[in-house]
Amino acid sequence: MTGVDTIFWLIMAGVFAAIVVAAVVIVRSNRQAALRGGEPAPELAPVAEHTPVSPLEPAEAEPAAVQVAVEDGVEAPVLDVPEAPGSRMARLRRRLSASSNPFARGLLSLLSADRLDAEAWEDLEATLITADLGVGPTTELIGGLRKELSIDGVADPAKARQVLRDQLVGLVDPSLDRELRVTGEDGRPGVVLVVGVNGTGKTTTIGKLARVLVAEGHRLVLGAADTFRAAAADQLETWGSRVGVPTVRGPEGGDPASVAFDAVARGIADGVDVVVIDTAGRLHTKTGLMDELGKIKRVVERQLPVTEVLLVIDATTGQNGLTQARVFAEVVDVTGIVLSKLDGSAKGGIVVAVQRELGVPVKLIGLGEGVDDLAPFVPGEFVDALLSEG
Ligand SMILES: Nc1nc2c(ncn2[C@@H]2O[C@H](COP(=O)(O)OP(=O)(O)OP(=O)(O)O)[C@@H](O)[C@H]2O)c(=O)[nH]1
Ligand SMILES: [Mg+2]
């Protein structure tokens, strides 16, 4: 074959390939047109725009979302499906375990000691004090452990672990009533008031709690009685809207008690199960702000009893959290503690200290910034998670 022949056949092959491609394209477009009944191609549904995310928005991967029915062409809200409360602890256990929690690591080092000599006990004591367990509970725990472990020592690691577990569970007091009072009497809504100093995690906790309550089938209204910053109400509203929960808000700088009042009135009118009220962060040392909190509670109680006052304490603040707790308890009759930011905290001992000090149980624990990183506080599970090595 000459060079001219080769070029000729190459051109012919190219022409043939072009004809085949053109034919395929024509057949496919005809078939699509037939499927659409000759209508012009519908516009692609707009990709749901991301809700503006405040800097305080959870940073975790988006959970599953459900598209709800479109009515009369109104854009359908996309609602999250919150994680079922039951499966949380297994997932969150790792955040408390020795691999990521210095408090847990300190406890486990006791079990890995070859011999329980004076030095090992001193180390443990130092760990417990650093973890803000408080002097009384520390002495109690060391005394209990010394007594139980003096016979077999830690020669039998399984026994030593069991002893440590039992002593810790006893310290956390499994007999306290930790039920959240979210619903009221006679079918009326329960009112949950959430209080605490700045940045402890109040709004985040309410957002997470709303998800838990929605997952349990409750109907809710949120009240943004933090009128101090406009962004605070936006932050709360964003949390609520993701699970279809409305937020009642007032003007920035307005009277927080009146927003709380309106939220409760709306809850009654809508026949919801729970009204959860967010309040502004306030320093326990500022008398005016603490008085304002008392007023919010009194105003709400003109309509309905407050069924739960949750004080959010940041676990990483340790002993300071305890001081805050005392002052808040004087003003609003705290009924439950939420210990936030326990993930990675070396101050897990505060659980015991705060319950002892106030006689108020820890009811919820915050274990991360993710939307479902809130768990009920169950003493046995908590201690098991601390002592797990996962
Ligand atoms: N790691 C961790 N971070 C948390 C937890 N709970 C809340 N946070 C973070 O703490 C920061 C403050 O949370 P907010 O909920 O805004 O606190 P707040 O008490 O409402 O703050 P103010 O309204 O300003 O008083 C945010 O960055 C949250 O993501 C938790 O359990 N673990
Ligand atoms: Mg807030």
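Here are some notes:
- Prolate/oblate/rounded label for the stretch 310-390 (Cα gyration tensor, a/c 1.5): prolate
- Note on Glu389 and Asp291: their simple-model spin labels are 5.8 nm apart, each label 7 Å out from Cα toward Cβ.
- The ranking of Asp156, Asp226, Asp278 from fewest to most other beta carbons within 10 Å of each one's beta carbon is Asp156, Asp226, Asp278.
- Subtracting the Cα-Cα distance of Leu10 and Asp173 from their residue separation scaled by 0.36 nm leaves 50.0 nm.
- Using a Förster distance of 35 Å, the FRET efficiency for Arg94-Glu185 (Cβ separation, nearest 0.05): 0.30
- By the rule of a C-alpha distance below 16 Å, with chain neighbours fewer than 8 residues away ignored, the lysines paired with Lys147 are Lys159.
- Packing-based ranking of 196-209, 353-366 yields 196-209, 353-366, ordered from highest to lowest mean Cβ neighbour count within 10 Å.
- Backbone amide hydrogens, once placed in the peptide plane, bring Thr279 within less than 5 Å of Val194, excluding anything fewer than 5 places away on its chain.
Read-outs throughout are calculated quantities, based only on the coordinates presented, and are distinct from any laboratory measurement. The structure presented is a predicted model; accordingly, all values stated were derived computationally and were not measured. Quick reminder, even Gly has a Cβ in these numbers, built from the backbone with ideal geometry, and neighbours come from all protein chains shown.
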